[in-house]
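Comments concern the structure below.
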Amino acid sequence: MAAVLAAYYVCARIGLRQELVRGQVTPFWPPTGIALVALMLWGLRMWPAIALGAFLVNVALGPWIVPVLLIAAGNTIGPVCACLLLRRVGFRTELDRLQDALALVFLGALGGMVISATIGAGVLVAFGALSSGAFWPTWSVWWTGDAMGVLVIAPLLLVARHARWPRGVPVLRWAEAVALLGGTAAVTVVATRTSVNLLFLVVPFLIWAAFRFQLAGAAPCVLISSAIAIYAGTVGSGPFAGHDLLSKMVILQIFNGTVSLTALLLSAIVAERNNTFREIEQVCERLREALSRLAPDERFDLPYGPPEQWPPPRPDGRDQRGQRRR
């Protein structure tokens with residue numbers, strides 16, 4: 001709990017460097033991702049650490065103690081409700097199924113964070129810290145920040161749990177990973193520095209990361225592209241120039257949502273396909289062992305891997321063992 005509290009506070013201070021409203025509302029709020037992962041891994045008993053971290057962050061920002069307590073409560077209730085929703089649908093932290101990626105995006109991020117954004121913006125308006133006309137712009141920034149904390153930070157932390165230093169990896173594989181990360185950063189910087197809307201150029205790099213490295217490659221690419229886009233939205237450069245606060249948040253949320261959804265869904269689909277192939281190989285191995293016991297004098301060599309890697313039939317229609325294929 002102490003580690004979660006410390007991580008929450010430190011990441012909150014980093015997120016506040018991009019504040020847009022009253023020095024406390026930011027389009028990127030990493031603590032929500034930390035809070036949701038902590039609740040999913042260690043249970044709802046982690047809520048006091050999250051609540052205390054939210055209180056310590058907001059107590060220095062005001063406006064006074066009662067609104068701070070309400071905002072801290074909203075920052076706690078949002079991740080708790082998101083965790084309960086994910087549990088309800090059978091979410092698995094491995095993120096190796098398509099339904100897990102969809103649940104994290106729509107229930108954990110976009111749906112669950114509506115609660116904290118509504119409570120936070122409503123409290124600021126109710127206690128006179130903001131005018132009533134500023135509710136929706138503030139709500140949009142708050143919701144964007146909390147949702148991006150889940151979409152960007154949560155997958156990164158979940159994949160980092162199983163990260164191990166790879167051994168025996170070819171040099172070309174390392175070069176490909178470096179090129180992928182560098183290319184993602186370079187394309188995002190260019191897209192956010194020009195007035196022409198080129199943000200879609202990031203998508204091919206996310207597809208590359210998902211197919212070649214699954215979530216371990218897609219999650220860092222999402223973090224890089226989202227962080228650069230959030231900074232551009234904060235300073236109003238590139239495609240964010242000339243828009244009011246609400247319009248900037250709409251553009252930013254659409255971009256970050258598209259980036260996260262593309263990376264998570266493709267990674268889950270590829271992981272699900274790989275798991276299916278492994279299960280098929282295991283079934284083939286068990287079948288071979290069963291056949292070997294039934295006919296010990298025969299040799300059964302069943303193909304492994306996906307069908308496109310199986311040996312082709314001979315011109316006479318027979319397989320490599322001379323048996324006719326159906």
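Can you name every residue in segment 140-167 that is within 17 Å of PRO27 (Cβ to Cβ) and either touching a strand residue (DSSP E or B) at 6+ places or on another chain (Cβ under 9 Å) or not hydrophobic (A, V, I, L, M, F, W, C) (or both)?
Those that are within 17 Å of PRO27 (Cβ to Cβ) and either touching a strand residue (DSSP E or B) at 6+ places or on another chain (Cβ under 9 Å) or not hydrophobic (A, V, I, L, M, F, W, C) (or both): SER140, VAL141, TRP142, THR144, GLY145, ASP146, GLY149.
Return yes when ARG167 is among the charged types (D, E, K, R), at pLDDT below 90 and within 19 Å of LEU41 (Cα to Cα) and no when it is not.
No: the conditions fail for ARG167.
Could you grab me the full set of residues in segment 121-159 that are of a type in the set (Ser, Thr, Tyr) and free of Cβ contacts under 8 Å to residues at least 40 places away in the same chain?
Listed by number, the residues that qualify are SER131, SER132.
Out of the residues in segment 160-178 meeting the condition of being small (Gly, Ala, Ser) and touching a residue at least 24 places away in the same chain (Cβ under 8 Å), tell me which one is most open to solvent (accessible area, probe 1.4 Å).
ALA163
Taking segment 104-139 on its own, how many of its residues are closer than 30 Å to PRO155 by Cα and open to solvent by less than 10 Å² (accessible area, probe 1.4 Å)?
11
In segment 43-75, which residues are closer than 25 Å to ALA101 by Cβ and either among the charged types (D, E, K, R) or buried (at least 21 other Cβ atoms within 10 Å of the Cβ) (or both)? Spell out the reasoning first.
Within segment 43-75, the subset closer than 25 Å to ALA101 by Cβ is 43-44, 46, 50, 75.
Selection gives MET46, ILE50, ASN75.
How many residues are open to solvent by 40 Å² or more (accessible area, probe 1.4 Å), of a type in the set (S, T, N, Q) and modelled with pLDDT under 85 if we restrict to segment 234-287?
1
Does any residue in segment 63-84 that is farther than 26 Å from LEU104 by Cα come within less than 7 Å, Cβ to Cβ, of a residue that is among the polar types (S, T, N, Q) and open to solvent by less than 70 Å² (accessible area, probe 1.4 Å) six or more places away or on a different chain, and which pairs are these?
Sorted first by the residue in segment 63-84, then by its partner, the pairs are VAL68/ASN58.
Take residues that are hydrophobic (A, V, I, L, M, F, W, C) and touching a Cys at 6+ places or on another chain (Cβ under 8 Å) and tell me which of the helices (runs of 4 or more DSSP H) falling wholly in segment 9-115 contain 1 or more. Even if it seems obvious, please write down each step before you answer.
Details: elements: 31-42, 47-59, 65-88, 98-103.
Fully inside segment 9-115 and qualifying: 31-42.
Run down VAL59, VAL105, VAL89, VAL80 and say which single residue is of a type in the set (A, V, I, L, M, F, W, C), at pLDDT 90 or above and under 25 Å from ILE14 (Cα atoms).
Among VAL59, VAL105, VAL89, VAL80, only VAL80 is of a type in the set (A, V, I, L, M, F, W, C), at pLDDT 90 or above and under 25 Å from ILE14 (Cα atoms).
Looking at (1) more than 20 Å from the chain's Cα centre (by Cα); (2) open to solvent by 10 Å² or more (accessible area, probe 1.4 Å); (3) not hydroxyl-bearing (Ser, Thr, Tyr), can you tell me which one ALA216 breaks?
(1)
The values are calculated or read from the model by the stated rules, or taken from the named source; none is laboratory data. Owing to the predicted nature of the structure, the values given are computational and were not obtained by experimental measurement. No Cβ is skipped: glycine too gets one built from the backbone with ideal geometry, and neighbour counts run over all protein chains shown. Note: areas computed on protein heavy atoms with side chains; ligands, DNA, RNA excluded. Shrake-Rupley method; radii C 1.70, N 1.55, O 1.52, S 1.80 Å.
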